[in-house]
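Data block below; observations after.
What follows is calculated from the coordinates using simple rules that are stated; it is not laboratory data. Only a predicted model underlies this, so the values are computations on that prediction, with no experimental measurement involved. Please note: Cβ atoms are built from the backbone with ideal geometry, for glycine as well, and neighbour counts cover all protein chains shown.
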Amino acid sequence: MNSKNKITFISKEGSIEKNIYCPVCASEQKSSLFAKVPHPDHSGFLSVFECSFCMSYIYEDIYRVGYLEIPTQEEKSGTMHYCLIGCGTEFGINILSRLYDKDSPKTLLEVGCGFGYNLSYWESFKKQKATGLEKAKYGLHGRKELNVNILPKYLDEIKNKKVYDIVLSTEVIEHVEDPLLFLKQALQALKNNGILVFTTPSRDSVIKNINNPAMLRAILSPGYHEFVISKEGIKNLLKKLGINNYKIEEDGNHFITYASKSKNVLTKIKHKADADEHHNYLKFLVENNTGIVHEGALYRYFKNLVNKGLYEEAQIYYAKILKLLSQKYKLSLNLLYKPEPHEDDFIRRLPPYLGPFFYYAGILHSHHIEDLKDRCMFFSLAVNFLKSTIASAPNFSQEAASLIHEAEIQLVNVCRDIQVDYLHNNPQFENKNKNKNKNKNKNFVKNFKKLIKRFIG
């Protein structure tokens, strides 16, 4: 990573203390400098402090990126990335599947619903009423593409009080200046026996991802996130609201908080999500939508099939994606798999799921098709395009960052397998007395070392 984009952590010995206002607990007292993170718009840095009262991470001088003022081109590329690879449908659907009861219909309000996938799941897939609030342009696109009810309003602009069974907010509270007021307004929209659910990056996830720069940038998100909250911070907020019935779960890098004014409501939440629910919803999107929604669901459904080991079906969708790449983007494997690096402009025109798709295509060929040359090609393409994504779009590279190391390992392994297979089928190379064949063998190994070095270094 370029040094100007690097997050610098401050040791306790080298830290400074300052009186910093914490929006989580509303205290202003001495807090310790924890890290320096790159400024989103220029070469400077923003300071992250650790609140000495609630232990949340907070910015000293918060720099806010205006969601509503994002340039058209950036907004368009963000929407593309969101729909094709980054929308995180599994997270929200797993939560909602635990709340779903076919015998007890529930109305849903999602605050900051983005494109509206959770609404689509609840209304189109589960046949229950859903409304979303989204001021950003994501909402306009989602309303049209998914045919869901998204209002271009903030929470304090809605007039309906105490009418919803569920108020859901995923990865929103860390963006607001006053989290206590935000939760208070959410509770006002909730029925007395309703459930408030909100998710947010966890404070502990910062430490867990200290060696994962891409994920760390996403968690801290300078200019977008006001804070990274601690569990004590969440408890403190709920206490101020008079909420004693709650449970806080950790899910990967996130806290999921379920809260209610009613004592017995939370006991009805299912212990875990239906393992097939997200997968079935993706299939629903693939079969019932067109355009960017269909394309994004197609990739994610293929990925899920590979991860589930359903290779026969995965091969069908693998072929569909190759056909789409050919028809929509005029791409062929021969065009992409070439010795010299691709130009940056060419890379930027490609769909952002390309690197991950090649990785999962390589896994498919490893377990089902078992063609060594194709395995080598796909893992080579995966490493190449995953690296390009990380370099050109670090804020949108979480999935690429999570796959790159394994893709490099797979590439090395398949090159080794090809070498072993080649030597096995050419036993004359084992005769070290034949200098000519010995040199051929050396050249063969040398060429594969060059291949690995090209992509991995």
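Worth a mention:
- Kyte-Doolittle mean at least -0.5, axial Cα span of 18 Å or more - DSSP H helices of the chain: 291-307, 311-329, 372-392, 398-425
- DSSP bridge pairs, the chain: antiparallel proportion in percent, nearest 5: 65 percent
- Pairwise Cα distances in the chain exceed 35 Å in 39 percent of cases.
- Ordered from longest to shortest, the equivalent ellipsoid semi-axes for the range 3-59 are 21, 13, 8 Å, each the square root of 5 times a Cα gyration tensor eigenvalue.
- Checking every one of the trypsin sites (Lys or Arg not before Pro) in the range 328-364 against DSSP loop status and a limit of 15 other Cβ atoms within 10 Å picks out Lys330, Arg349.
- Antiparallel content of DSSP bridges confined to the range 67-268, in %, to 5: 45 percent
- C-alpha center-to-center spacing [the range 355-395, the range 160-227] in angstrom: 34 Å
- Fully extending the segment from Leu151 to Ser11 would add 45.8 nm, taking 0.36 nm per residue of separation and subtracting the current Cα-Cα distance.
- The distance between label points at Asp345 and Val163 comes to 5.2 nm (points 7 Å beyond Cα on the Cα→Cβ vector).
- A Förster radius of 45 Å combined with the Cβ-Cβ distance from Lys127 to Val420 puts the calculated FRET efficiency at roughly 0.25.
- Mean Cβ count within 10 Å, highest first, over the residues of peptides 230-238, 284-292, 55-63, 115-123: 115-123, 230-238, 55-63, 284-292
- Report note on the peptides 380-389, 78-87: ranked by the mean count of other C-beta atoms within 10 Å, highest first, their order is 380-389, 78-87.
- Value of D in µm² per second that Stokes-Einstein yields for the range 67-268, Kirkwood Rh from Cα pairs, at 37 °C (0.692 mPa s): 189 µm²/s
- Across the cross-link table entries Lys6/Lys137; Lys126/Lys235; Lys191/Lys247; Lys161/Lys240; Lys102/Lys191, which are compared at the Cα atoms, the separations over 25 Å belong to Lys6/Lys137; Lys126/Lys235.
- Counting every other Cβ atom within 10 Å of each residue's Cβ, Thr199, Thr8 order from fewest to most as Thr8, Thr199.
- Helix-only mean residue ellipticity at 222 nm for the chain, each DSSP H run of n ≥ 4 adding -39500 (n - 2.57), per residue, nearest 500: -14000 deg cm²/dmol
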